[in-house]
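A short worksheet on the structure shown next.
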Amino acid sequence: MFGRSFRIATIRGVPVNVDSSWIWIAVLLIATFWAQFDREFPEIASGEAFAFAVFLALVFFGSVFLHEAAHAITARANGIAVHGITLVFFGGFTAARADDKGPAPAFAIAALGPGTSLSLAGVFWVLARLTETTPGPLPGLFSYVAAVNLFMAVFNALPGLPLDGGRMLQSVVWRVTGDRQKGTRIAARSGLVVGGVVIAIAIYALTQERYFEAVWGAIIGMFIFRGAQASEQRIGIDGRLASATVADAMDPPPPAVPADLSLSQTLDRFLRGHEDEAFPVIEDGTVIGMISFNSARDLGRRDPLRPAKDAIIPLQHVLMAHPDERLDEVSARLGTDRAALVLRDGRLVGAISGSGVYRWAARAR
């Protein structure tokens, strides 16, 4: 029942997760760059072009990670707990309650992301100039990454939620008026305007038969517009979340896999048709991990009678919550599209998701 994200590292206690959507983006980027290098630099071998494509994709993803890491570092410097960094299709998000210490720290946390991207743009621009006499794709590679980081800096600084620039605008209005909700409302409505403008530009690009710009402009514009709508709807929700616990909003426990059930039975009864989900594994009434189609498939193919517990995802890679935790703190870890097991003394008592939290808040209103 749980969608997958993969923990790739834990840095100073902060989990770094990669959403499964990034796998497809990585494949698409590498294939696109590889074809482009093969076409523009016929003098280099195809294998070398592939290596350059992989390097470019890694540098691109590294730039996105550094953008999010800047948010996390600034939050910690201001005494705000960071629950994790998750890299997703449109970039990433840092799970931290940035508003807890007031408008000034919230502004700094938001501003350091675009500031980092702008700095990276400058670094890669310098590298492009230093290598411009070097044969091959390296100078163009650095120029491309510089341009991407410049775009990320400018795009994220646009003054509308859910972008960093919208959070900066929210913090400024909050500081001037002393009213955080007013700041959120103004920044959200500004985000609606920004999203509408981007969509209008996409429609214009379509009339000019610039289909690539039109498609991506429409996707980005809708992302901003819907994010701004969600931000405005969230006004007033935070207070309700702070006064509630996970037990108030959690769903019933998901189906659990007995630890001794064979992998062939686990695949047939739980995992087939649910390839993008994961299920808790129970031994003696206690959750020992989770199992997914991917974690069970290879071992199950070799030895289908092995028990499910031999193919589990360890608990340290599973998002968990306690029923007595404050709902606003868990909501910060979940974001909008993640889910967590709810455990009491190791026993499964429920599940909670970002969307479930919002549904509960809507009912509580």
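Treating each Cα of the stretch 1-103 as an identical point scatterer and summing with the Debye formula, the log10 of I(q)/I(0) at q = 0.22 Å⁻¹ comes to -1.08.
Each part gets one Cα centre, and for the stretch 133-184 versus the stretch 324-364 those centres are 30 Å apart.
Find how much the distance from Glu43 to Ala81 grows on full extension, using 0.36 nm per residue of separation minus their present alpha carbon separation; answer in nm with one decimal. Let's see the in-between values first.
Values: separation 38, 0.36 × 38 = 13.68 nm, distance 5.12 nm.
My answer for the length gained is 8.6 nm.
Largest mean-square fluctuation among His317, His67, His83, in a Gaussian network model of the chain whose springs join Cα atoms under 10 Å apart, belongs to His317.
Net charge within 10 Å of Ala75 by Cβ-Cβ distance, Lys/Arg positive one each and Asp/Glu negative one each, not counting Ala75 itself? Once positives and negatives cancel, what remains is +2.
What the phi angles of the stretch 276-290 give under the Karplus curve with 6.51, -1.76 and 1.60, with θ = phi - 60°, is a coupling list of 9, 10, 9, 10, x, 10, 10, 9, 6, x, 10, 6, 10, x, 10 Hz, glycine and proline written as x. Applied to the stretch 260-268, the Karplus parametrisation 6.51 cos²θ - 1.76 cosθ + 1.60 on θ = phi - 60° returns per-residue 3J(HN,Hα) values of 8, 5, 5, 5, 5, 5, 4, 4, 6 Hz, with x for Gly and Pro. With only the Cα atoms considered, the chain has a convex hull volume of 166 Å³ per residue. With the convex hull of the Cα atoms taken as the outline of the stretch 67-224, the averaged projected area works out to 10.8 nm². Between Ile219 and Thr177, the contour length at 0.36 nm per residue exceeds the Cα-Cα span by 11.7 nm.
Using only the heavy atoms of the protein chains and a 1.4 Å probe, how would Leu112, Leu118 rank by accessible area, largest first? Intermediate results must be reported in sequence, preceding the final value.
Numbers: Leu112 75, Leu118 100 Å².
Output order, biggest surface exposure first: Leu118, Leu112.
Dividing the convex hull volume of the alpha carbon atoms of the stretch 152-225 by its residue count gives 65 Å³ per residue. Of Asn78, Asn156, Asn294, the residue with the greatest mean-square motion in the GNM of the chain, using alpha carbon springs below 10 Å, is Asn294. Taking other residues whose beta carbon is less than 15 angstrom from the beta carbon of Lys309, and scoring Lys, Arg as +1 and Asp, Glu as -1, yields -4. Using a probe radius of 1.4 angstrom, the carbon and sulfur fraction of the accessible surface of the stretch 136-206 is 70%. Each Lys or Arg adds one and each Asp or Glu subtracts one; over the other residues with Cβ under 10 Å from the Cβ of Gly113, this totals -1. In a simple Cβ point-charge model (Lys, Arg +1; Asp, Glu -1; nothing else charged), the chain has a dipole of about 940 debye relative to its Cα centre.
Here the Karplus relation 6.51 cos²θ - 1.76 cosθ + 1.60, evaluated at θ = phi - 60°, turns the backbone of the stretch 339-347 into coupling constants of 9, 9, 6, 9, 10, 10, 6, x, 9 Hz, with x for every Gly and Pro. Distances between placed amide hydrogens fall under 5 Å for Glu277 paired with Phe293, all partners being 5 or more residues away or on another chain.
Given a 1.4 angstrom probe, I'd like the percentage of the accessible area of the stretch 243-348 that is carbon and sulfur, rounded to a whole number.
Numbers: 2380 of 5110 Å².
In the stretch 243-348, the share of accessible area belonging to carbon and sulfur is 47 percent.
Over the residues of the chain, the helix contribution to mean residue ellipticity at 222 nm works out to -19000 deg cm²/dmol, using -39500 (n - 2.57) for each DSSP H run of at least 4. With one equal scatterer per alpha carbon and no solvent term, the Debye-computed log10 I(q)/I(0) for the stretch 249-365 at 0.23 1/Å reads -1.23. Measuring with a 1.4 angstrom probe and ignoring ligands and nucleic acids, Lys101 comes out at about 110 Å² accessible. Annotation: amide H-H contacts under 5 Å for Gly289 (H modelled 1.01 Å from N, sequence separation of 5 or more, or interchain): Val281.
Accessible surface of Arg347, taken over heavy atoms with a 1.4 Å probe and every protein chain present, rounds to 120 Å².
Protein heavy-atom accessible surface, 1.4 Å probe, per residue over the stretch 156-275: 53 Å².
Take the Cα pairs of the stretch 315-365, get the Kirkwood Rh, then feed it into Stokes-Einstein at 10 °C and 1.306 mPa s and tell me D in µm²/s. For these conditions, the coefficient is 142 µm²/s.
Can you tell me the dipole magnitude for the stretch 181-242 around its Cα centre, using point charges on the Cβ only (Lys, Arg +1; Asp, Glu -1), in Debye to the nearest 20?
For the stretch 181-242, the charge dipole is close to 320 debye.
The values are calculated or read from the model by the stated rules, or taken from the named source; none is laboratory data. Just so we're clear, the structure is a prediction, and the values are computed from it rather than from any experiment. Every residue, glycine as well, gets a Cβ built from its backbone with ideal geometry; the counts of neighbours run over all protein chains shown. SASA here: full protein model, heavy atoms, side chains in, ligands and nucleic acids out. Shrake-Rupley method; radii C 1.70, N 1.55, O 1.52, S 1.80 Å.
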